[in-house]
Each structure stands twice: as structure tokens, then as C-alpha cells.
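Visitor: Just dropping this structure here.
The values are calculated or read from the model by the stated rules, or taken from the named source; none is laboratory data. Just so it is clear, the structure is predicted and the values come from calculations on it, not from any experiment. Every residue, glycine among them, receives a Cβ derived from its backbone with ideal geometry; neighbour counts consider all protein chains shown. Side chains are part of the model used for accessible areas, which takes the heavy atoms of the whole protein and leaves out ligands, DNA and RNA. Shrake-Rupley method; radii C 1.70, N 1.55, O 1.52, S 1.80 Å.
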Amino acid sequence: MRYFNIAGPCNSTDHYMIDASTRLQGVERLIDMKQYFVIHAARQSGKTTYLQDLSRRLNAGGQYHALYCSLESVQNIVDPKEGIPAIISCLKDSFSNAGIPQEDKFAQAADLTDYISVLKATLSRFCKLLDKPLIILFDEADCLSEGTLISFLRQLRNGYNTRSLAPFVHSVALVGMRDIRDYKAKVRPDSETMGSASPFNIVTESLTLKNFTKDEITQLYKQHTDETGQVFEDAAVELVREQTQGQPWLVNAIAREVIEKIQHSDYTKPVTAELVNEAIQNIILARPTHIDSLLERLKEQRVRRIIEPVILGEGLIPRDSDDFLYTRDLGLIRVINGRIEPANPIYAEVIIRKLSSDIQDELQNPKYPYQLPRYLNGERIDMDYLMRDFQQFWHANSDIWLKRCDDYPEAAPHLVMMAFLQRVVNGGGQIIREMASGTGRLDLCLIYKNRKYPIELKIRYGDKYIEDGIEQTARYMDLHCCHEGWLVTFDRRPTVRWEDKLYFRKEIVNGKTVTVVGV
């Protein structure tokens with residue numbers, strides 16, 4: 001019986017899967033045109049599955065010899081004296097399993113000491129032996145770095161430019177998480193140039209794998225239904241689409257969590273939206289390798305420069321900057337309606353939990369007693385009580401936490417506030433986080449016992465920040481059909497006294513109440 005795969009490439013014999021070729025158009029045209037090109041997409045989005053399937057299809061078509069070759073083992077070999085022979089070794093291993101004629105003659109007489117030209121010479125000699133054009137699909141090409149990367153690209157470019165004089169590879173795909181533009185950032189500052197003969201000029205086009213559409217998620221899950229009879233309810237599929245935005249690993253991981261772990265492979269029970277939500281929470285708490293490796297990127301300075309303004313809702317992020325393109329290619333962010341936001345709600349949640357995890361752990365300390373029962377008033381949360389409690393907490397501890405959030409100092413107030421509210425989530429509630437650059441605030445909706453409590457967090461910028469914040473909070477309340485909301489404003493000016501920063505007042509806007517909380 002097939003299953004939902006969350007580790008390694010998929011195959012239709014063992015796994016439920018969507019034909020990856022439907023998610024990437026135009027590759028065959030580029031190959032027919034003898035082009036060298038890039039395919040980039042975030043981790044665990046189906047790149048290797050696509051490449052291996054493409055290689056099989058091209059070989060079966062009879063027009064080309066196609067080779068899939070992973071360069072993962074060459075990672076961190078910066079010296080081309082070692083790196084280029086390592087790449088040739090990867091190619092040799094790949095040829096030995098590809099069934100391509102003359103494979104035993106590849107690199108047979110290669111002079112590996114001539115690392116400057118041996119890759120080009122070896123490929124040229126081998127292409128001369130073949131009866132059909134050769135296509136090479138280099139997976140994990142962005143693992144290469146510094147001298148190895150430059151020498152690799154230069155030799156490919158040299159072979160490409162002289163194909164009319166000597167046989168060479170018909171078409172090459174460089175595949176990884178990053179676009180060719182970011183390859184440059186790995187080996188040189190923006191101020192430096194490699195001239196018109198730059199090895200990065202090798203690529204004619206850059207393509208990316210798309211996430212699953214709603215129809216593709218439905219098709220994927222229907223494969224399981226057809227084989228087992230177990231039904232995914234429409235609301236469950238829609239919740240998966242909304243929470244994952246079609247990210248392939250998440251789509252598969254949620255289905256696997258529900259079917260194998262929550263329902264213990266009892267196919268008589270339908271998959272409901274409630275079970276999907278439970279699976280999402282389990283995945284968030286478990287932080288499997290895919291998510292953990294993604295979150296490790298938050299420590300990188302170039303990622304921080306993008307993620308911090310997204311959390312704050314402040315600042316203009318240049319869409320053509322290397323930092324933005326890099327963070328987008330990692331799969332951490334997306335652009336929607338002109339705004340930059342986390343790639344999907346699940347990533348938004350794990351980003352905040354990762355950045356505020358130390359604060360949350362500290363808040364379990366006995367000196368910060370668990371307050372949730374004191375905030376409850378029947379089936380409601382006494383939000384005024386909660387907000388006044390946070391005012392006291394921030395007054396007493398802000399200096400400590402601002403120093404501890406040294407990786408994301410500007411977002412420290414937001415992270416501390418969300419860690420404070422996390423205690424409500426741990427007591428059976430939920431937080432909806434809506435982050436996007438350029439909005440001027442962070443929107444939160446606290447949900448407890450099916451009641452919603454809209455909250456806006458805003459840093460003091462300019463004289464109208466409270467007036468603007470009240471209007472923004474009122475609009476956010478309308479979005480959630482609520483008659484009461486809370487605006488928390490952080491005044492970080494060191495010259496202002498605490499008694500002037502701390503205030504608590506209510507404003508009436510179109511018959512609705514906005515409680516303004518100054519900290």
C-alpha cells in the first residue's frame with residue numbers, strides 16, 4: 001500500500017504523488033533549444049523527485065541521454081584542486097547507474113591534477129563517444145562554494161561557448177534552493193565584478209517549482225481515498241490549503257500525521273478539519289527536521305534583515321535585494337498583494353515560537369506564576385486584567401528581555417508579548433498571527449472558547465501612531481466581526497519616564513471599543 005512520503009524523493013510505486021512536471025512548465029523547450037538553465041525551489045518541495053522523473057522521461061523518449069547527478073557530497077569543498085575532481089567522481093558514480101552507453105569510459109584518462117580544465121575536457125571527450133546529445137541535471141548545485149563553484153561554472157561556460165568546435169553537453173540544469181543570482185553572493189561582495197566573462201552568465205533562464213494548488217491537494221488526497229476508502233472532508237482539504245499554501249512537504253506531513261499517528265491507520269474514519277488542526281499543532285510542537293533546518297536560517301544576518309521588518313510590519317524591503325531573494329528562495333516568505341509575509345501560516349507560527357522560545361521557557365519559571373485562571377471570567381478571558389498584568393511585567397522585565405533578544409532587537413517587544421500570550425494558548429486557546437511588512441503593525445487574534453480577542457501591536461513611530469493604531473485596530477475588529485479590541489503600543493524612547501509610557505484608556509470607534517494599552 002502506498003503512503004504519504006515526507007523523506008526523500010517520491011515514486012509512484014511507493015508513494016501518493018502529483019506528477020511534478022505539471023508544476024514546472026517549459027523545461028523540455030529549453031532542453032530542445034540546447035540551453036543551460038536554473039531550477040530553484042525551497043527545501044522539500046519536490047526538486048529531486050522532478051529531476052529523477054525528468055531523467056527517466058528523457059531517456060525513454062529516445063532523443064537524448066539524460067543524467068541525474070547530485071553534488072551534495074561536494075558541499076564545503078572550496079578549493080577547486082579538490083572540488084573539481086570530487087565533481088568528476090560524482091559524475092562517474094552517476095554514469096555507472098544510468099545505463100548510458102560507454103559509461104565505463106567516462107573520465108578514463110582524466111588528468112585530475114589539471115583542475116582548471118579537466119571537467120570540460122572530460123565531458124567533451126565523453127560527448128564525442130555518444131550517439132545522442134547528453135543532458136546533465138545537477139541536483140544540489142548550490143552546495144558548491146567559492147573556488148570550486150567558480151571553476152565549475154567557468155568550465156561549463158567554456159564548453160558551452162565552444163560547442164560548435166568540439167562536442168559538449170547539450171543542455172545543463174543547475175538545481176537547488178537558490179537562484180543563480182545568489183550563487184554570486186556566496187563568492188564575492190556586490191561591489192566586485194568578474195567582468196563580461198563572468199561564469200554566472202551561463203544561465204539563460206531561471207525556473208521555479210510551484211506549490212500545490214487546491215486541485216492538486218485534492219487529487220493527492222483522492223489517491224489515498226481511492227485505495228483505502230478513507231475520505232478527506234472538504235473542510236479538511238481547505239484547511240490544509242490555507243495553512244500550508246500548498247507547500248508539498250507540509251501537505252504530505254499533515255495527511256501522514258492524521259492517518260498514521262492520530263487515527264492509527266483506521267481507514268473507516270474520515271479526515272476532518274478538527275483532525276487536520278490537531279495534526280498541525282503536533283507538527284509545530286514536534287519541529288521535525290524539515291522545519292528545524294528551515295528555522296536554523298533565522299540566525300543568519302541576511303534572513304534577519306528580512307524577517308524582522310515582517311514581524312514588526314515596518315520598513316520597506318527592496319524586492320530586488322539579495323537578502324530578499326535569498327529568504328524567498330529558502331521558502332520562508334512570499335509576496336501577496338504587494339506585501340511580504342511568511343510563506344504560510346504554519347511557518348509564521350513556528351518562526352515566532354522559535355524566536356520567542358527562550359522567553360516562553362523563562363515564563364515557566366516560578367517567579368512568573370501561571371496566570372491563566374486569574375484571567376478567566378466564566379467562558380471569557382478578562383483581557384483588561386491580562387493587559388494590565390502585561391504592563392507590570394514589561395515595566396519590571398523589559399530591560400532584561402531587550403538584551404536577550406539580541407538577534408532580533410527591534411522585534412523584541414512583539415516577541416515578548418507573544419510569548420506572554422502563549423500561556424493562553426497552552427491553556428487551550430489559539431493565536432492567529434498576521435504578519436506582513438509595510439502594514440505598520442502586527443495583528444493578533446486570540447481565540448478562547450470560540451470567542452475572539454483582536455489585538456494589535458505597534459511600535460511608537462511619529463506623533464500619530466496612536467490615532468493610526470486605533471483606526472487599524474478598528475478595521476481588524478471588523479475583519480473578525482468583533483465589538484471590542486486591544487491596541488498595545490510600545491514606546492521605546494529612553495528619555496520618557498515610565499509613568500508617561502504606561503497608560504490604559506478606552507476609545508469608542510463607530511460604536512466599538514478599542515482599549516489602548518501603553519507600555
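Visitor: Test of understanding: extend the Cα→C-beta vector of GLN223 to 7 Å, then name every residue of segment 240-271 with backbone N under 12 Å from that spot.
Guide: Counting backbone N atoms under 12 Å from the label point, the list is 252.
Visitor: Quote the charge dipole size of segment 100-154 about the Cα centre in Debye, to the nearest 20; the model charges only the Cβ of Lys and Arg (+1) and of Asp and Glu (-1).
Guide: For segment 100-154, the charge dipole is close to 340 debye.
Visitor: Work through the residues other than TYR50 whose Cβ is under 13 Å from its Cβ and net out their charges, Lys, Arg +1 and Asp, Glu -1.
Guide: Here the count lands on +1.
Visitor: Residues of segment 246-277 with amide nitrogen under 17 Å from the 7 Å Cα-to-Cβ point of ALA235?
Guide: In segment 246-277, the label zone of ALA235 (backbone N under 17 Å from the point 7 Å along Cα→Cβ) covers 269-277.
Visitor: Report, to the nearest whole %, how much of the accessible area of the chain belongs to carbon and sulfur atoms, 1.4 Å probe, protein only.
Guide: 47 percent
Visitor: In addition: Which whole-number value in Å² is the accessible area per residue of the chain, probe 1.4 Å?
Guide: 45 Å²
Visitor: If I stretch the segment between ALA98 and ASN277 completely, what's the gain in nm (0.36 nm per residue apart, minus their alpha carbon distance), one decimal?
Guide: Fully extending the segment from ALA98 to ASN277 adds 60.1 nm.
Visitor: What does the net charge come to around GLY438 if you take all other residues with beta carbon closer than 9 Å to its beta carbon, with K and R at +1 and D and E at -1?
Guide: For residues surrounding GLY438, the net value is 0.
Visitor: A follow-up question, please. Using just the helices of the chain, give the 222 nm mean residue ellipticity in deg cm²/dmol: DSSP H runs with n ≥ 4 each add -39,500 (n - 2.57), and the total is spread over all residues, rounded to 500.
Guide: -13500 deg cm²/dmol, from helical runs alone.
Visitor: Could you state the orientation-averaged shadow area of the convex hull built on the Cα atoms of segment 14-139, in nm² to one decimal?
Guide: Computing the convex hull of the Cα atoms and averaging its projections yields 8.7 nm².
Visitor: Only bridges whose two residues both fall in the chain count here: according to DSSP, what percent of them are antiparallel, nearest 5?
Guide: Once the DSSP bridges in the chain are tallied, antiparallel ones form about 45 percent.
Visitor: R0 = 51 Å: FRET efficiency of ASP468 with MET33, Cβ-based, nearest 0.05?
Guide: Efficiency computed from Cβ-Cβ geometry: 0.45.
Visitor: Let's see if you can work this out: charge +1 on each Lys and Arg Cβ, -1 on each Asp and Glu Cβ, no other charges. What is the dipole magnitude of segment 392-458 about its Cα centre, in debye to the nearest 20?
Guide: Dipole about the Cα centre, nearest 20: 380 debye.
Visitor: Per 10 Å bin, what percent of the C-alpha pairs of segment 374-519 does each bin hold, from zero upward?
Guide: In order of increasing distance, the bins hold 11, 43, 37, 8, 0 percent.
Visitor: Still on this structure, please answer the following. Set the Förster radius R0 to 60 Å, insert the Cβ-Cβ distance between GLN63 and GLU499 as r into 1/(1 + (r/R0)^6), and round the FRET efficiency to 0.05.
Guide: The calculated FRET efficiency here is 0.15.
Visitor: I'm a student and want to see the number: the projected area of the Cα convex hull of segment 394-447, averaged over all directions, in nm².
Guide: 4.4 nm²
Visitor: Here's another thing I want to ask about it. Please compute the length gained on full extension between SER12 and VAL335, using 0.36 nm multiplied by the number of residues separating them and subtracting their Cα-Cα distance.
Guide: Here the segment from SER12 to VAL335 would lengthen by 113.0 nm.
Visitor: Rounded to the nearest angstrom and ordered from largest down, what semi-axes does the equivalent ellipsoid of the chain get from its C-alpha gyration tensor (root of 5λ)?
Guide: Ellipsoid semi-axes (Å, largest first): 50, 28, 18.
Visitor: Also, quick follow-up: With r as the distance between the Cβ atoms of LEU165 and THR268 and R0 = 56 Å, compute the FRET efficiency 1/(1 + (r/R0)^6) and round to 0.05.
Guide: Rounded to the nearest 0.05, the efficiency is 0.25.
Visitor: With the cut-off at 21 Å, tell me which of the pairs LYS47/LYS354; LYS464/LYS501; LYS47/LYS261 have Cα atoms farther apart than that.
Guide: Result: LYS47/LYS354; LYS47/LYS261 exceed 21 Å.
Visitor: Calculate the spin-label point distance for LYS506 paired with LYS261, positioning each point 7 Å from the Cα along the beta-carbon direction, and give it in nanometres.
Guide: Taking the simple label geometry, LYS261 and LYS506 are separated by 4.4 nm.
Visitor: Under a 1.4 angstrom probe, counting protein chains only, how are VAL488, VAL78, VAL496 ranked by accessible area, largest first?
Guide: Largest accessible area first, the list is VAL78, VAL496, VAL488.
Visitor: A further question on this structure: Report, to two decimal places, the Cα Rg of segment 202-308 normalised by 2.2 N^0.38 Å (N = number of residues).
Guide: 1.26
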